[in-house]
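These notes are about the structure you will find just below.
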Amino acid sequence: MNDRPEHDLEVLDEIQRRVLWLATRIVDAANHDRNTGDGVKVGGHQASSASLVTAMTALWFAHLDAEDRVAVKPHASPVFHAIQYLLGNLDRSYLPKLRARGGLQSYPSRTKDPDEVDFSTGSVGLGAAAPLFAAVTRRYVDAHFGERPHSRFIALIGDAELDEGNIWEAVADPATTGLGNVMWLVDFNRQSLDRVVPGIRINQWRGQFEAAGWHVVEVKYGRKLAAAYARPGGERLRDWIDRMPNEQYQSLFGLTGPALRKQFLDGAPEGIAEFIADISDDELGPLVTDLGGHDLEAMLDAYAQCDAVTDRPSVVFAYTIKGWGLPIAGNPRNHSALLTTEQVDALRAAQGLTRETEWDRLDPATPAGIRAGERREALARAPRERALGVTVPETTKVRANKPVSTQEVFGRVLVDLARDENVAPYLVTTAPDVATSTNLAGFINKTGVFAPTEQRSWTEDRMLRWTESPAGQHIELGISEMNLFLLLGQLGLSWDLSGQPLLPVGTVYDPFVLRGLDAFLYGTYSGSRFVVAGTPSGITLAPEGGAHQSTITASVGLELPGVTFIEPAYAATLDWLLCDALGQIAGGAAPAATAAPAEDGAYYFRLSTRPIDQAPFEAARARIGDAVLRRQVVAGAYRLVDAHEAYPQLADAPVVQLAASGAVLPEVLAAAAELAEEGVAAHVVDVTSLDRLYRAWQRTLRQGVRTATVPSVPGALRSAFADRVPVVTVHDAASHAMAWLGSAVGAPAVPLGVDEFGQSGSVQELYELHDLLPGSIVNAALAALSLR
Ligand SMILES: Cc1ncc(C[n+]2csc(CCOP(=O)(O)OP(=O)(O)O)c2C)c(N)n1
Ligand SMILES: [Mg+2]
């Protein structure tokens, strides 16, 4: 145990009692002081919060430094806010506003909470892993830009949270090994949402962490129990408590007096009854439930043990009581239980507080108040700069004289940017074991692979130099799309959590975006900014079959908030769009010359391995001119073929417009030519960002709805589409994603796309199967015309 003076522990104890009160009352007020009038339960988690009060009080009032970064388990947000309030970092007016509009968020939120949250949490498992990847990011930043002030990256996580697979994917990844500045604290209350967790899982978990090279600390008993164990014969008591099933142990919390003694002794070996015979009924409960997670000294000691281990991550299993200090302590059904008003009144009185003083801060004249003031100063942080302040060029002037795929161009543009001395230092790529198959090899050859220390290379490969060193700019991950998005999310927050903005770029096979989708959402909900390329995509990845062909990802990209979905077809369009995206992330270049407001979020490029003839694009380029064309491409669409110019003989013919994204454009162009032969004039629109078009349309619609005026047609739609002319949409993705375009231009639409699982075959065969060949597109155009 450490040598902390007793009076210090008394101060901390006083503080933790106030933290417990405030956290409990914050939830109580949300449910009982406000009338939402809608009949929907407000909710909140008093028991889950109480469980972490000791650990969190010890952290914020006696352990953390200003540079440390902490993820708080979602259901302990009231504890976090109570602490921020006591430190003076949160205005009192927020305390009765948990879960209210503009108030404290249900779960800690970087972007919405009024106080400074380091990591958003909510989807259990992700908040636990995020600090680990923030530490990976810090290791990278330190190696490339010079060491930052030391930070400890801490996650406070629930024990049932350990059932989430992403936790173990993060722990197991070679990229996360050796991080001595990471500490996970498991709130080991042996309860989940539904139940008391069956069996005793600590040994399994300890083994899993140790196998992954972690340092494991258990804080099992408080001082009362430790003293009892030290008495002669005490080891038998310890053995019995250690072996007791969780369910039996948890049942003790609801009992008192002789009933508790009886339950405690049920199944106990000989000698235990005698050992506790001289302990009174009143003392027995507090003794056998005296767990280390509520012992401030034991917790501080555990933190110190973790600090002392600097070559690997640490995890502390703090044995706690769900509902500690509350009448619902240990109750198996307490996850969402709320104290009654009478119970809250009793708790308030026990705190020596009244209705008038209940929200007060600690008296600044008392030792506890003085401590709060000191800690507020010790934890104050300097502001951080989000913008990188470098100018990303508008184009790398990528050359494409012969048919080329977007995936290949993507790789080339990155290599080119890696030659730009302003931009290059900040580029960092990552991939879950698909770097070479997604065309990152060129970038890797140029910049190397990141490793904390220089690694010897054992093989010579002239095509791929896999040189691993602290100077490398590619972070390779094992096959975990969760880890990919968790790392991208943290790389994109490095300006805040590591004091250095970066330009992160990740790649993943497009179908497996779905595998990491919750972590993708998590990153963007946290305000992170990065580029991710989903490639290859769609049934155009023909021979790979249904398991590798993505169809719903375009819809996902379109609908994800905080993500701009981009699906280019031609080399120059990809070049412009990628440079623009990185420029927006850098925040240095003037936002793209679009009418749209500056975007805040990530960029999702859906790419393909199908080589595409670039000549049609060059024709459009000659017709429109780079300056205007680039603006249209970045805004989301341009007219690749203008029927009036291409087919002047069809001046009086019926007109359709064929809109498409990505790999299917050759078929669409062929269909337009066939339609011309049949006397139909077809414009071809290359939709480079369905997302930006949709947002532009929505903006004008919303404006109309809110002001009760006729909505205007947004510029991006106006320049690419003709008004009220029937539309055929063609997409190597679910037909639904583009189907709205008809409404947007005010004309009937026939959406073609892939609405079934794919299968193996050639591109031609699969396009035929899904009606994406020119003949089907022609028929769809005729159908659209007939719908007028
Ligand atoms: C991904 C996800 N699945 C389910 C939930 C719903 N949920 C919230 S808390 C919880 C149980 C958590 O138990 P534990 O981690 O032990 O936390 P405790 O409340 O016991 O501290 C569940 C299932 C969630 N928030 N996130
Ligand atoms: Mg639990």
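Across region 52-94, the qualifying residues are those that are within 11 Å of ligand 1 (Cβ to nearest atom) and in a loop (DSSP other than H, G, I, E, B), and the one among them that is nearest to L12 (Cα to Cα) is L52. Within region 82-100, the set of residues being among the hydroxyl-bearing types (S, T, Y) and surrounded by 17 or more Cβ atoms within 10 Å (Cβ to Cβ) comprises Y85, Y94.
For region 97-153, the set of residues classified as in contact with a helix residue (DSSP H, G or I) (Cβ under 7 Å, 6 or more places away or on another chain), charged (D, E, K, R) and in a helix (DSSP H, G or I) is empty.
If you go through region 722-752 one residue at a time, how many are open to solvent by less than 10 Å² (accessible area, probe 1.4 Å), in a loop (DSSP other than H, G, I, E, B) and touching a strand residue (DSSP E or B) at 6+ places or on another chain (Cβ under 7 Å)?
So the first thing to find is which residues in region 722-752 are open to solvent by less than 10 Å² (accessible area, probe 1.4 Å), and the list is 726-733, 737-738, 741-742.
After this cut, where a residue has to be in a loop (DSSP other than H, G, I, E, B) as well, the list is 726, 732-733.
So of that shortlist, the ones also touching a strand residue (DSSP E or B) at 6+ places or on another chain (Cβ under 7 Å) come out as 726.
Final tally of qualifying residues: 1.
Within region 180-217, if we keep just the residues that are of a type in the set (D, E) and within 11 Å of ligand 1 (Cβ to nearest atom), the residue that is surrounded by the most Cβ atoms within 10 Å (Cβ to Cβ) turns out to be D187.
Scanning region 390-411 for residues that are in contact with a Gly (Cβ under 7 Å, 6 or more places away or on another chain) and open to solvent by 30 Å² or more (accessible area, probe 1.4 Å) returns a single hit, T391.
Filtered by the rule that a residue be open to solvent by less than 70 Å² (accessible area, probe 1.4 Å) and in contact with a helix residue (DSSP H, G or I) (Cβ under 8 Å, 6 or more places away or on another chain), region 367-383 gives A368, R371, A372, R375, L379. Please tell me if S49 is in a helix (DSSP H, G or I), in contact with a His (Cβ under 8 Å, 6 or more places away or on another chain), open to solvent by less than 20 Å² (accessible area, probe 1.4 Å) and among the polar types (S, T, N, Q). Yes: the conditions hold for S49. Note on region 296-320: residues that are touching a helix residue (DSSP H, G or I) at 6+ places or on another chain (Cβ under 9 Å), open to solvent by 10 Å² or more (accessible area, probe 1.4 Å) and not in a helix (DSSP H, G or I) amount to 1.
Here D575 does not fit the description of being charged (D, E, K, R), touching a Ser or Thr at 6+ places or on another chain (Cβ under 6 Å) and more than 23 Å from D613 (Cβ to Cβ). Looking only at residues in region 753-766 that are modelled with pLDDT of 95 or more and buried (at least 24 other Cβ atoms within 10 Å of the Cβ), the one that is farthest from the chain's Cα centre (by Cα) is L766. With respect to being part of a helix (DSSP H, G or I), buried (at least 19 other Cβ atoms within 10 Å of the Cβ) and touching a Phe, Trp or Tyr at 6+ places or on another chain (Cβ under 8 Å), V664 fits the description. For region 182-217, enumerate the residues that are outside any loop (DSSP other than H, G, I, E, B), touching a helix residue (DSSP H, G or I) at 6+ places or on another chain (Cβ under 9 Å) and either assigned by the TED database to the domain that holds I272 or within 16 Å of ligand 2 (Cβ to nearest atom) (or both). Result: W184, L185, V186, D187, F188, Q191, V196, W205. Considering G534, G523, G538, G583, the condition of being of a type outside the set (V, I, T) and either touching a strand residue (DSSP E or B) at 6+ places or on another chain (Cβ under 6 Å) or open to solvent by 10 Å² or more (accessible area, probe 1.4 Å) (or both) is satisfied by G534 alone. Number of residues in region 154-177 that are outside any loop (DSSP other than H, G, I, E, B) and either near ligand 1 (Cβ under 10 Å from one of its atoms) or open to solvent by less than 10 Å² (accessible area, probe 1.4 Å) (or both): the value is 14.
Listed conditions (1) touching a residue at least 60 places away in the same chain (Cβ under 8 Å); (2) more than 19 Å from Q490 (Cβ to Cβ); (3) open to solvent by less than 10 Å² (accessible area, probe 1.4 Å) are all met by A471, apart from (3). Among residues of region 130-153 being open to solvent by less than 10 Å² (accessible area, probe 1.4 Å) and aliphatic (A, V, I, L, M), the one that is farthest from ligand 1 (Cβ to nearest atom) is V141. The single residue among E460, E481, E454, E476 that is of a type in the set (D, E, K, R), at pLDDT below 95 and in contact with a strand residue (DSSP E or B) (Cβ under 7 Å, 6 or more places away or on another chain) turns out to be E454. Being assigned to a helix (DSSP H, G or I) and under 15 Å from A739 (Cβ atoms) is the filter here; which residues of region 778-788 pass it? Listed by number, the residues that qualify are A780, A783, A784.
If the Cβ limit is 8 Å and pairs must be 6+ apart or interchain, which residue in region 140-169 that is assigned by the TED database to the domain that holds H75 and free of Cβ contacts under 8 Å to residues at least 60 places away in the same chain pairs with which residue that is among the aliphatic types (A, V, I, L, M) and open to solvent by 50 Å² or more (accessible area, probe 1.4 Å)? From region 140-169, the pairs are A160/V124; A160/L193; E164/V124. Summed over region 700-721, residues that are in a helix (DSSP H, G or I) and touching a residue at least 24 places away in the same chain (Cβ under 8 Å) total 5. Within the option set R99, R18, R34, R110, being at positive phi and either of a type in the set (A, V, I, L, M, F, W, C) or away from ligand 2 (no atom under 16 Å from the Cβ) (or both) holds for one residue only, R99.
In region 103-129, of all residues being farther than 23 Å from V182 by Cβ and open to solvent by 30 Å² or more (accessible area, probe 1.4 Å), the one that is farthest from the chain's Cα centre (by Cα) corresponds to P114.
One residue is enough: does region 361-384 have a residue meeting the conditions of a type in the set (D, E), farther than 30 Å from G499 by Cβ and outside any helix (DSSP H, G or I)? Explain how you work it out, then say what you get.
First, pick out the residues of region 361-384 that are of a type in the set (D, E): 363, 374, 377.
Then keep just the ones that are farther than 30 Å from G499 by Cβ; that gives 363.
If we keep only those that are outside any helix (DSSP H, G or I) as well, we get 363.
So far as region 361-384 goes, yes, one or more of its residues are of a type in the set (D, E), farther than 30 Å from G499 by Cβ and outside any helix (DSSP H, G or I).
The values are calculated or read from the model by the stated rules, or taken from the named source; none is laboratory data. Everything numeric in this text was worked out from a predicted model, so none of it was measured. Glycine gets a Cβ as well: all are built from the backbone with ideal geometry, and neighbour counts include every protein chain shown. All accessible areas refer to the heavy atoms of the entire protein, side chains included, with ligands and DNA or RNA removed. Shrake-Rupley method; radii C 1.70, N 1.55, O 1.52, S 1.80 Å.
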